[in-house]
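Chemist: Shown below is the structure under consideration.
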Amino acid sequence: MEKRRDSKKITKHTKEVTSLEDTTLELRKKFTLKYAELVKYFPKIPEIASREFAFLFWDRNYMIRHRGFTNPQHLLSELKNINPKHVYHSAALYKDPANKIMSEKGWMGCDFVVDIDADHMELSCQENHDYYICMKCDYVHREKVTKCQKCEGPIRKQIWLCDKCLEASKYEVIKLVDDFLPDFGFTKNDIDLNFSGHRGYHVHLRDKFIRTLSSEERRQMVDYITGTNFDPTDYLIYKSSNGYFIGTTIDDAGWKGRIARNFLKILTTHDSIDSFNKEYSKYNLDTKIKQILLNPDNRNQLIHQLTIKNQYWTIKELAKGSWKKIKEFLIQVSMCDIDVPVSIDTHRLIRVQGSIHGKTGFLVKPLNYYDMVNFEPFSDPIIFSTEKEACMKLEINTPICPEIRIKDIIYGPYKKHEQIEVPEAVAIFLTCKGVADLLSRGN
Amino acid sequence: MSYYNAYGLVYKYPWLEGGREMFDPIVESESAEPLVDYYNRLFSDYFSIYPELYQKLLDVFIFALDKKESGIVLTDDKLNIILFYTVKTLLTAFDNRILDNHVANLLSKLYHKRLLQENPQDLVIISKKMGLPCHFDRKGKDFGGVIHHFWVEIHQYVPIAALLRDSNYQLINRMVQNGKVFLIKDHMARLLQEVARREIIPDHQGISGELLTLLKKINPISAIINEIAIIIEEKKYSQSPYEKTNVYENMVYVLYPPCIKFILNKATNGVNLTHSERLHIAFFYANTNHTVEETVDVFRTLPDFDEKIARYNIEFSRGIGGKGKKYSVYSCAKLKSIKLCKATDKEYGDPICAEGVYRKGHGDTKVPIKNPKDFVFWKNVEIQRKLQNIPKK
Ligand code: SF4
Ligand SMILES: [Zn+2]
Ligand SMILES: [Zn+2]
């Protein structure tokens, strides 16, 4: 895709600098107007009457919880009235969702929610766009600090999003849906999926059986997905006496089969270290081992052994230590990176599909699996205007504001006090992120 | 008479439907006879029809508390039903979780053996009746050369796996495919053993006091209660095999690090240990002058205890008998990474673990300990200092 850099810089100083409250007020108005439009298309919330709703607002930093709505109209008119910044509902279903005492709500079950989000992943791009900034002296730290290294002042974390973050999240969602959920007996049609509005995706499973599971029981599923406590006792070991590695076969079930299938997939997809590194450089497999594995003879031999379902894997040059590293690597690539506490919590609040994310102004967009595969997170959930005619003037208030792509235009990076004029969607993104103040309302 | 009774299954597995009523037909009795009289009559009948009942009952408790493998033979007649429910009633009355676990572990192991002998079709019927329905497939599925003839639906499997905690039975280590968990007969029997274990443990509902008073008024039962009470009392004094030892520079309980105390407590309560927990105990004991016997004793209370396997593993961890090497204790870093560290645990935590210790050459900053043996060393220092009233630094 052709990407353009844009945004008009305002050279002359404008006198319309507004205070923070004004920016908030303006955002709030924009959201309200947008909700008035969105209600017509608002997605259906399953079992709405049994869910607890919660809201965060623009001007208060506490949450209003324990709200209940018997029907969608009721919720939608409330959204128009109260203008929330963030809207959540419980993954759990209750007899009396509005009851303020948790134990009296009457828990009836809880969706199994998987949150896949760049927030909990370690991605190289984060070094380039997530910062720890001193609230006193503006000093920018790239590493996590709890107080300013220069003046000991308090720190705020400024997190950003980029294509890489969202690609990484998408990759994990596909892994979850394609590779793990079928083991549990779920197909692509059994899942309810949405873009989170920020750095990831939510997958909801609402099957009757899964709803009744306790936290401990959910942990079984979560461990399965994340590869936790995988404990191959009599396989994935090297037998020095026989000179082979006891592997697994592609027909095996569960993790056993997953290891063989992933190994085969990797070997068939990559025939050079370069191509291998493009996908797997973060796993730090020794170059020496990669060379041996990808050497044409060895590679063919392994592919052959895997294809004919021979569970004994042999490569002359590989001994115990190397096989151990290959085993670790295969386990690592097979794991799915999900936000564990979300899935095991049976009272979790989760962002409402169809609402607007208060930190980006992006739509929390429901998707089916195929939508998701082709989903463009910097275009498809953009609901505010990207037209030049709808430009707004802003002043950047953070020492470092990374670039952001909206549709196919890249805006930024910007410096503190820089005054810019950008389309509504970009202005709302930057102000929601808290890195800019509004100078003028735009149209 | 129900379908299952016709098969006689309830005599073999008394918790199945109809068993309770066969033991205690009070619901059908229409007389307004006082409870004490009713039970007195019931039990004197039972004890006179089955003279061996008395000794059998006693044996269950003695063997359970001695953590002995076996010596009890289960029958498959009404005596088995009476034995089962009388044991359960006594457990309710004693209201002692440790006793519950010991007895349940012993009996469930006996039922495990029994389940292993069932033919596949009967196992399917029993499993359904026990609420963990399995399916049998004559052809089976071949995974790694092992034919798996049984399968359980994943939603039935997950709850029992969560209870078992045994690493081998965690969902991730099983053959899972299309919402099914494939198993061999041994596994199936082991899962049902856990269900049986839970059937034996009563759900204590605060009625123990009343019940105990009532039972004490019933002749043969009161004698049994007294004998069991004496055994429990005796056991209390000789309970912890790990409290009395004087090895590793006099290893008293306080010297055990939090991570070990936590596991010991689990084991004492008959809760199954994970693979890593077992290894941690075995390596720690091997490196702190504990004998193989003492180590075996820790595992004796576990539901899946098998003396031969336990002994083999422990000896293996010490490099006995083979060319194997002796393993060193896990480091705190390793234990932290596998979430076994209990440094800040409310019950077991200790500042030595949580904050570290003052060491020569490190000035005023505390240095973290590196492995659980360090804990023993520093805890001992702390105690000696306290005894001699030396300030900490
Ligand atoms: S710090 Fe070390 S010795 Fe202490 S509890 Fe943790 S792992 Fe055990
Ligand atoms: Zn500072
Ligand atoms: Zn990124």
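Chemist: Could you tell me the calculated FRET efficiency between A:GLU279 and A:GLU317, based on Cβ-Cβ distance and R0 = 25 angstrom, to the nearest 0.05? If you can, show how the numbers build up before the last one.
Modeler: On the way: r = 23 Å, r/R0 = 0.92.
The computed FRET efficiency comes out at 0.60.
Chemist: Same structure, new question: In the structure shown, do any of A:LYS157/A:LYS265; A:LYS208/A:LYS265; A:LYS164/A:LYS365 have a Cα-Cα gap over 31 Å, and if so which?
Modeler: On the way: A:LYS157/A:LYS265 39 Å; A:LYS208/A:LYS265 34 Å; A:LYS164/A:LYS365 19 Å.
From A:LYS157/A:LYS265; A:LYS208/A:LYS265; A:LYS164/A:LYS365, over 31 Å: A:LYS157/A:LYS265; A:LYS208/A:LYS265.
Chemist: Okay, next question. Please list, or write none, the aspartates and glutamates whose alpha carbon is within less than 16 Å of the alpha carbon of A:LYS388, excluding same-chain residues fewer than 8 places away.
Modeler: Filter leaves A:ASP6, A:ASP408, A:GLU421, A:GLU424.
Chemist: Now for a separate question. Tally Lys/Arg at +1 and Asp/Glu at -1 over every other residue whose Cβ is under 9 Å from the Cβ of B:ILE62; what's the total? Numbers along the way, then the final one.
Modeler: Values: positive: B:LYS68; negative: B:ASP59, B:ASP66, B:GLU227.
In short, -2.
Chemist: Considering only the other residues whose Cβ falls under 12 Å of the Cβ of B:TYR50, what net charge follows from Lys and Arg at +1 and Asp and Glu at -1? Provide the component values of the computation, followed by the final result.
Modeler: Working: positive: B:LYS56, B:LYS78; negative: B:ASP45, B:GLU52, B:ASP77.
Value of the local net charge: -1.
Chemist: With labels modelled as points extended 7 Å from the Cα through the Cβ direction, what inter-label distance (nm, one decimal) is found for B:LYS139 paired with A:GLN149?
Modeler: Placing both labels 7 Å along Cα→Cβ, they lie 6.5 nm apart.
Chemist: Loop only by DSSP, 14 or fewer other Cβ within 10 Å of the Cβ. Give me the trypsin sites (Lys or Arg not before Pro) in segment B:260-369 that pass, ordered by residue number. Can you show the working numbers first?
Modeler: Working: sites: B:LYS261, B:LYS266, B:ARG278, B:ARG300, B:LYS308, B:ARG311, B:ARG318, B:LYS323, B:LYS325, B:LYS326, B:LYS334, B:LYS336, B:LYS339, B:LYS342, B:LYS346, B:ARG359, B:LYS360, B:LYS366; in loops: B:ARG300, B:ARG318, B:LYS323, B:LYS325, B:LYS326, B:LYS339, B:LYS342, B:LYS346, B:ARG359, B:LYS360.
Listed in order of number, the matching sites are B:LYS323, B:LYS325, B:LYS326, B:LYS339, B:LYS346, B:ARG359, B:LYS360.
Chemist: Among A:SER77, A:ILE266, A:THR287, whose Cα lies farthest out toward the positive end of the dipole of the protein assembly as shown, if unit charges sit on the beta carbon of Lys, Arg (+1) and Asp, Glu (-1)?
Modeler: Going by the charge dipole, the pick is A:THR287.
Chemist: Within 10 Å of each candidate Cβ there may be at most 13 other Cβ atoms; applying that plus a DSSP loop requirement, which chymotrypsin sites (Phe, Trp or Tyr not before Pro) in segment A:358-443 survive? All intermediate terms of the calculation are to be shown ahead of the outcome.
Modeler: Details: sites: A:PHE362, A:TYR369, A:TYR370, A:PHE375, A:PHE378, A:PHE384, A:TYR411, A:TYR414, A:PHE429; in loops: A:PHE375, A:PHE378, A:PHE384.
In loop regions of segment A:358-443 (DSSP not H, G, I, E or B), there are no sparsely surrounded chymotrypsin sites (Phe, Trp or Tyr not before Pro).
Chemist: Counting Lys and Arg as +1 and Asp and Glu as -1, each charge on the Cβ, what is the dipole of the protein assembly as shown about the Cα centre in debye, to the nearest 20?
Modeler: Working: 121 positive and 108 negative charges, 557 e Å.
Dipole about the Cα centre, nearest 20: 2680 debye.
Chemist: Taking GluC sites (Glu not before Pro) that fall in a DSSP loop and have at most 16 other Cβ atoms within 10 Å as cut points, what is the longest piece of chain A between them? Don't skip to the end; give the middle numbers.
Modeler: Details: sites that count: A:GLU2, A:GLU16, A:GLU47, A:GLU122, A:GLU143, A:GLU152, A:GLU317, A:GLU387, A:GLU403.
Of all site-free stretches, the longest is A:153-316.
Chemist: Shifting gears a bit: Given the pairs A:LYS175/B:LYS339; A:LYS85/A:LYS407; A:LYS239/A:LYS278, which are separated by over 29 angstrom at their Cα positions?
Modeler: Values: A:LYS175/B:LYS339 26 Å; A:LYS85/A:LYS407 23 Å; A:LYS239/A:LYS278 32 Å.
In this structure, A:LYS239/A:LYS278 lie more than 29 Å apart at Cα.
Chemist: With a cut-off of at most 13 other beta carbons within 10 Å, and DSSP calling the residue loop, which chymotrypsin sites (Phe, Trp or Tyr not before Pro) in segment A:39-132 qualify? Please list them.
Modeler: Working: sites: A:TYR41, A:PHE53, A:PHE55, A:PHE57, A:TRP58, A:TYR62, A:PHE69, A:TYR88, A:TYR94, A:TRP107, A:PHE112, A:TYR131, A:TYR132; in loops: A:PHE57, A:TRP58, A:TYR62, A:PHE69.
When the chymotrypsin sites (Phe, Trp or Tyr not before Pro) of segment A:39-132 are filtered for loop state and at most 13 Cβ neighbours within 10 Å, A:TYR62 remain.
Chemist: If you put +1 on each Lys and Arg Cβ and -1 on each Asp and Glu Cβ, how big is the dipole of segment A:237-334 around its Cα centre, in Debye rounded to 20? Spell out each step's value before the answer.
Modeler: On the way: 16 positive and 9 negative charges, 55 e Å.
That gives segment A:237-334 a dipole magnitude of about 260 debye.
Chemist: Tell me which lysines have Cα within less than 19 Å of B:LYS185's Cα, excluding those fewer than 8 residues away on the same chain?
Modeler: Candidates past the 8-residue exclusion: B:LYS12, B:LYS109, B:LYS113, B:LYS128, B:LYS129, B:LYS139, B:LYS141.
Chemist: Do any of A:LYS147/A:LYS359; A:LYS144/A:LYS188; A:LYS30/A:LYS147 go past 27 Å between their Cα atoms, and which?
Modeler: From A:LYS147/A:LYS359; A:LYS144/A:LYS188; A:LYS30/A:LYS147, over 27 Å: A:LYS144/A:LYS188; A:LYS30/A:LYS147.
Chemist: Among A:CYS432, B:CYS259, A:CYS151, what is the fewest-to-most ranking by other Cβ atoms within 10 Å? Write out the running numbers ahead of the final one.
Modeler: Working: A:CYS432 21, B:CYS259 25, A:CYS151 12.
Going from least to most buried by this count: A:CYS151, A:CYS432, B:CYS259.
Chemist: Once the other residues with Cβ under 13 Å from the Cβ of A:MET102 are scored (Lys, Arg +1; Asp, Glu -1), what is the net sum? If you can, show how the numbers build up before the last one.
Modeler: On the way: positive: A:ARG65, A:LYS95, A:LYS100, A:LYS105, A:ARG348; negative: A:GLU52, A:ASP96, A:GLU104, A:ASP345.
Computed value for this residue: +1.
Chemist: Select from B:TYR50, A:PHE180, A:TYR201 the residue farthest towards the positive end of the dipole of the protein assembly as shown; place +1 on Cβ of Lys and Arg, -1 on Cβ of Asp and Glu, and compute about the Cα centre.
Modeler: A:TYR201
Chemist: Expressed in nm², what is the orientationally averaged projection area of the convex hull enclosing the Cα positions of the protein assembly as shown?
Modeler: Details: hull surface 180.5 nm².
For the protein assembly as shown, the mean projected area of the Cα convex hull comes to 45.1 nm².
Taken together, the values in this text are just the output of simple stated rules run on the coordinates, not laboratory data. Remember, predicted model here, so these are calculated numbers, not experimental data. For neighbour counting, all protein chains shown are included, and Cβ atoms are generated from backbone atoms with ideal geometry for every residue, glycine included.
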